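**Q** The structure that follows is given in the form of structure tokens.
The values are calculated or read from the model by the stated rules, or taken from the named source; none is laboratory data. These numbers were taken from a predicted model, which means no experiment stands behind them. All Cβ positions, glycine included, derive from the backbone under ideal geometry; neighbour counts span all protein chains shown. Note: accessible area is taken over every heavy atom of the protein model, side chains too, but ligands, DNA and RNA are not part of it. Shrake-Rupley method; radii C 1.70, N 1.55, O 1.52, S 1.80 Å.
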Amino acid sequence: MARLFQINLDPVKASDPEELRKSVASAAGIPGQDIRLLRIIRKSVDARKHNIRINLAVEIYTDRDEALPSIEPFKPRDVTNKREVLIIGAGPAGLFAALRLIELGIRPIIIERGKDISSRKRDIALISREHIINPDSNYCFGEGGAGAYSDGKLYTRSKKRGDNKRVLELLCWHGANENILYEAHPHLGTDKLPAIISAVRKSITDAGGTFLLEKRVMDFIMEGDAIKGVVTAGNEKYMSPYVILATGHSARDIYGICASRGIDLEQKSFAMGVRVEHPQEMIDRIQYHGRPRGEYLPAASYNLVRQVDGRGVYSFCMCPGGFIVPSATKQEEVVVNGMSPSRRNSPFANSGMVVEIRPEDTYEYRKSGALAGIELQKALELEAWKQGGATQVAPAQRLTDFVRGLPSQSLPTVSYFPGVTSSALHEWLPELIGRRLADGFRLFDTMMKGFLTSEAVIVGVESRTSSPVRIPRDVEHMNHIRISGLYPCGEGSGYAGGIVSSAVDGMRAAEALGQIINP
């Protein structure tokens, strides 16, 4: 039977497998050779004091007759001639819905507007080099979804929406490093994700599932209040009475299709703001109490949140050792996001810094109904595009200048590939965002002394943190509240926020369908 131990080590010993084994054996009161298997269950950095420690939860097996644990494998079934379910979107929700359908003996047909994971690279490179945006193939659209080329963070606060562990196991089964199973803030890295996503696609197609890439959904086929299929560009029709809608939060045209078809939509809270970037060495110095990070500690991160005038102001998608990337999905907008490679070895640290936006804050766009939040997003993204000179050059300002209400006469070197230009963001950001951000930055400096510095820069705008729209569904059965056969899930439908929670939500939709198709 497994025995669990809590171990606290210095970073050097924690990085040495033999030292770890010795420490665990000592805690267990047994010789090291008696440990058949040692598994790290949880690992985190405790940097609250100058004496930085690594906290580990470790599980050991000593019984010679006991079966050792292993990752539960993906268990495909041949679904070539089975009932078909259309999945709209090949992001985490869509891909993991497909994997689960296959395990349940149901054939997934994935329809994705963008290109395969490899081909996306060329279109993404064009954004930085020539400021050309392919509206169907970019950082947001294409096989793998927004997470594929935006970072690969696997941390989620969601604990009640399904089996997070199963998502991590399936990622490991398809090539991810097993450290994602125990790291406190697991991360794949944008350089590792393409191979993993390609392996997931192979699992799906080998089992008889189908990928239809570069096919944008233009309409739904309806009979009364029941969905019967979809129409893609070129008037191609794909029929099924079951559709999983997993399009991601940037597929705004899908909301328009829903509205035109009388499919219920709801406005929901979201957040908008900017990206803030510091030298990574500075964040390391703040978080590690002035000591050098060295080779045994990870690039330091932070998590900041405060209430300002009744709204949350907080860090979002913090990327240690990362880059700021252009995430617009059409020409006349500038949108920024963050990413980190697996080694997190960039000299920059960036994070979204955003303000909570509630439905009542979008009153100016009330004529758009449930889409009012999207109209506010569009307005801010268009202004950022204008401020950047009508290109993908992004408006930027030194952090201290923004807080003081002063234009920046110069800007530090930044990681944002298309480049930045000085802009007085304090003047054109809506007051409900700009003023709260300025107050929030002052408060954050009391939490992390040195955070508010002229060496940091803010880059606008971070507007796609989550969907401003929810497609309402039955809580238990996952189907739309009124449209039979429609199963909205993931970020775009307003039910998730990130790779893991989206994947879990997609699997839940698949399981709900499994109860209907295979009762």
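**Q** Quick check: residue separation of residue 195 and residue 391 times 0.36 nm, minus the Cα distance between them. What number comes out in nm?
**A** Residue separation times 0.36 nm, minus the Cα-Cα distance, leaves 67.4 nm.
**Q** Around residue 391, with a cut-off of 13 angstrom between Cβ atoms, what is the net charge of the other residues, counting Lys and Arg +1 and Asp and Glu -1?
**A** Here the charged neighbours net out to -1.
**Q** Further question on the same structure: Quick one: length gained pulling residue 165 to residue 447 fully straight, 0.36 nm per residue minus the C-alpha distance?
**A** Result for the pair: 98.3 nm of gain on full extension.
**Q** Here are some pairs, 75/330; 153/228; 75/237; 202/237; 43/202; which of them have Cα atoms lying more than 28 Å apart in this structure?
**A** Beyond 28 Å: 75/330; 153/228; 75/237; 43/202.
**Q** Residues in region 500-514 near a label at residue 77, defined as backbone nitrogen under 13 Å from the 7 Å Cα→Cβ point?
**A** Only 511, 514 pass the distance filter.
**Q** Quote the charge dipole size of region 225-375 about the Cα centre in Debye, to the nearest 20; the model charges only the Cβ of Lys and Arg (+1) and of Asp and Glu (-1).
**A** The dipole magnitude comes to about 340 debye.
**Q** Still on this structure, please answer the following. Hey, could you grab the Kirkwood Rh for region 151-248? Inverse mean 1/r over distinct alpha carbon pairs, Å, one decimal.
**A** 16.2 Å
**Q** Further question: Determine ³J(HN,Hα), in whole Hz, for all residues of region 67-84 in sequence, where each value follows from phi through the Karplus function 6.51 cos²θ - 1.76 cosθ + 1.60 and θ = phi - 60°; x replaces Gly and Pro.
**A** Each residue of region 67-84 in turn: 5, 7, x, 8, 5, 5, x, 6, 10, x, 10, 6, 10, 3, 10, 8, 4, 9 Hz.
**Q** In sequence order, what are the phi-derived ³J(HN,Hα) couplings for region 216-222 according to the Karplus relation 6.51 cos²θ - 1.76 cosθ + 1.60 with θ = phi - 60°, rounded to whole Hz, with x for glycine and proline?
**A** Values, residue by residue: 7, 6, 10, 6, 9, 9, 10 Hz.
**Q** While we're looking at this one, here's another question. What full-extension length gain, to one decimal in nm, is calculated for residue 366 and residue 39 as 0.36 nm per residue of separation minus the Cα-Cα distance?
**A** In short, 112.3 nm is gained.
**Q** Which order do the peptides 115-124, 191-200 come out in when sorted by mean C-beta neighbours inside 10 angstrom, highest first?
**A** 191-200, 115-124
**Q** What FRET efficiency comes out for residue 233 versus residue 64 if R0 is 56 angstrom and r is the Cβ-Cβ distance? Round to the nearest 0.05.
**A** Once rounded, the FRET efficiency stands at 0.35.
**Q** Which log10 I(q)/I(0) values, to two decimals, does region 426-466 give at q = 0.16, 0.25, 0.27, 0.29 Å⁻¹ under the Debye formula with one point per Cα?
**A** Cα-only, vacuum Debye calculation for region 426-466: -0.48, -1.01, -1.07, -1.11.
**Q** What Kirkwood radius, in Å to one decimal, follows from the Cα pairs of region 117-157?
**A** 10.7 Å
**Q** Can I ask one more? What whole-number distance in Å separates the alpha-carbon centres of region 369-427 and region 452-506?
**A** Each part's Cα centre sits 24 Å from the other's.
**Q** What does the C-alpha gyration tensor say about the overall shape of region 1-113? Classify as rounded when a/c is under 1.5, otherwise prolate if a/b is larger than b/c, or oblate.
**A** Oblate shape, in that a/c is at least 1.5 and b/c is the bigger or equal ratio.
**Q** Tabulate in residue order the Karplus-calculated ³J(HN,Hα) for region 180-187, using 6.51 cos²θ - 1.76 cosθ + 1.60 with θ = phi - 60°, rounded to whole Hz; enter x for Gly and Pro.
**A** 5, 6, 10, 4, 4, 10, x, 8
**Q** Now a separate question. What fraction of the DSSP beta bridges in the chain is antiparallel, stated in percent and rounded to the nearest 5?
**A** 75 percent
**Q** Here's another thing I want to ask about it. Collect residues whose amide H, placed 1.01 Å from N in the peptide plane, falls under 5 Å from the amide H of residue 154; neighbours closer than 5 in sequence don't count.
**A** Distant-sequence amide H within range of residue 154: 187, 188.
**Q** Tell me, what is the percent relative contact order of the chain, built from C-alpha pairs under 8 Å that lie six or more residues apart?
**A** 18 percent
**Q** Keeping all protein chains in place, calculate the accessible area per residue for the chain (probe 1.4 angstrom), answer in Å².
**A** 42 Å²
**Q** Taking all protein chains in place and a 1.4 Å probe, what share, in percent, of the accessible surface of region 1-127 do carbon and sulfur account for?
**A** The value for region 1-127 is 47 percent carbon and sulfur by accessible area.
**Q** Sticking with this one: Could you work out what % of the accessible surface of region 148-293 is carbon and sulfur, using a 1.4 angstrom probe and leaving DNA, RNA and ligands out of the count?
**A** On region 148-293, the fraction of accessible area on carbon and sulfur atoms equals 48 percent.
**Q** For the peptides 337-350, 377-390, 296-309, what is the packing order when you average, over each peptide's residues, the other Cβ atoms within 10 Å and list the highest mean first?
**A** In decreasing order of mean packing, 337-350, 377-390, 296-309 become 337-350, 377-390, 296-309.
**Q** At what distance in nm do the modelled label points of residue 342 and residue 49 sit from each other, each positioned 7 Å from its Cα along Cα→Cβ?
**A** Those two pseudo-labels are separated by 3.6 nm.
**Q** When only Cα pairs under 8 Å and 6 or more residues apart are kept, what is the percent relative contact order across region 372-460?
**A** 34 percent
**Q** With the full set of protein chains in place, find how many percent of the accessible area of region 378-436 is carbon and sulfur; take the probe as 1.4 Å.
**A** 49 percent
**Q** Right, another one. Based on DSSP, what percent of beta bridges with both residues in region 1-159 are antiparallel, to the nearest 5?
**A** 75 percent
**Q** Hey, another quick one. For Cα pairs less than 8 Å apart in space and 6+ apart in sequence, what is the mean separation divided by the residue count of region 91-201, i.e. the relative contact order in percent?
**A** Relative contact order of region 91-201: 26 percent.
**Q** Can you list residues from other chains, or at least 5 along the same chain, whose modelled amide H is less than 5 Å from the amide H of residue 218?
**A** The answer is 231, 232, 233.
**Q** Which value at 222 nm does the chain reach when only helices count, each DSSP H run of 4 or more adding -39,500 (n - 2.57), with the total divided by all residues and rounded to the nearest 500 deg cm²/dmol?
**A** -8500 deg cm²/dmol
**Q** Then there is this: Computed from these coordinates, which is Rg and Dmax of the Cα atoms in Å: [x] 21.3, 70; [y] 28.1, 91; [z] 23.7, 72?
**A** [z]
**Q** Separate question: For residue 49, list the lysines whose Cα falls under 16 Å from its own Cα; do not include residues on the same chain fewer than 8 positions away.
**A** The qualifying lysines are 449.
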